[in-house]
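Q: Let me begin by handing over the structure; questions about it come next.
The values are calculated or read from the model by the stated rules, or taken from the named source; none is laboratory data. Just so we're clear, the structure is a prediction, and the values are computed from it rather than from any experiment. Cβ placement follows ideal geometry from the backbone for every residue including glycine, while neighbour counts extend to all protein chains displayed. Accessible surface areas use protein heavy atoms only, side chains included; no ligands, DNA or RNA. Shrake-Rupley method; radii C 1.70, N 1.55, O 1.52, S 1.80 Å.
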Amino acid sequence: MTGHFQIPSLGAALLLTACAAPPTVEAPPASVPVAASQTPAFTDMQPGASPGATLVASSEPVTGIAFDSNAHLPPDNLWQALQENFRLTQEDRPRIAVQRKWYASHPRYMQRVTERARRYAWYIHQQLEARDMPAEIALLPIVESAYDPFAYSHGRAAGLWQFIPGTGKRFGLA
């Protein structure tokens, strides 16, 4: 019985070790020209790099990367920036008061949501501002998915905004 268990365990260990090893990329000899499509892709381009910068692994100029050096950087306090752009009227309704109280009484939950929102909220805010839309819309993913891009509901709604498949098709999201 022990011998039968060791072989699959050894195989699994070797397979996992092979998966964990980083891939190696050999550079072609200097005399062989490298096509742009064969060049390894690097996505760690530094902001402010000059146009026509070259990749470390290639002598081909970098093209197709759009970087707006005038883009607004996220503020120190995203919530304050959002609040400054709130435009919807606040209504005091019992259902709203209950939800507001729940969020206010769960600061650790809001801290986790805020951490997840860091990747998306500022970009969403910029897009809303560019379209002259209320900043409150940037708060919808808190309610819909807790800013979890992999959120999935029993009703098959998915993502930050919790679109269902029919809505995604209708708006060309799928």
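Q: Hey, can you tell me all the residues within the range 136-157 that are within 19 Å of Gln99 (Cα to Cα) and either open to solvent by less than 40 Å² (accessible area, probe 1.4 Å) or polar (S, T, N, Q) (or both)?
A: Within the range 136-157, Glu136, Ala138, Pro141, Ile142, Ser145, Ala146, Tyr147 meet the criteria.
Q: Still on this structure: In the range 70-90, what residues are more than 17 Å from Trp122 (Cβ to Cβ) and at pLDDT below 90?
A: Answer for the range 70-90, where residues must be more than 17 Å from Trp122 (Cβ to Cβ) and at pLDDT below 90: just Gln90.
Q: What's the total number of residues in the range 121-156 that are in contact with a His (Cβ under 8 Å, 6 or more places away or on another chain) and among the aliphatic types (A, V, I, L, M)?
A: Final tally of qualifying residues: 2.
Q: If you don't mind, there's one more thing I want to ask. Please count how many residues of the range 108-135 are surrounded by 10 or more Cβ atoms within 10 Å (Cβ to Cβ) and over 20 Å from the mean Cα position of the chain (by Cα).
A: Looking only at that region, the number is 2.
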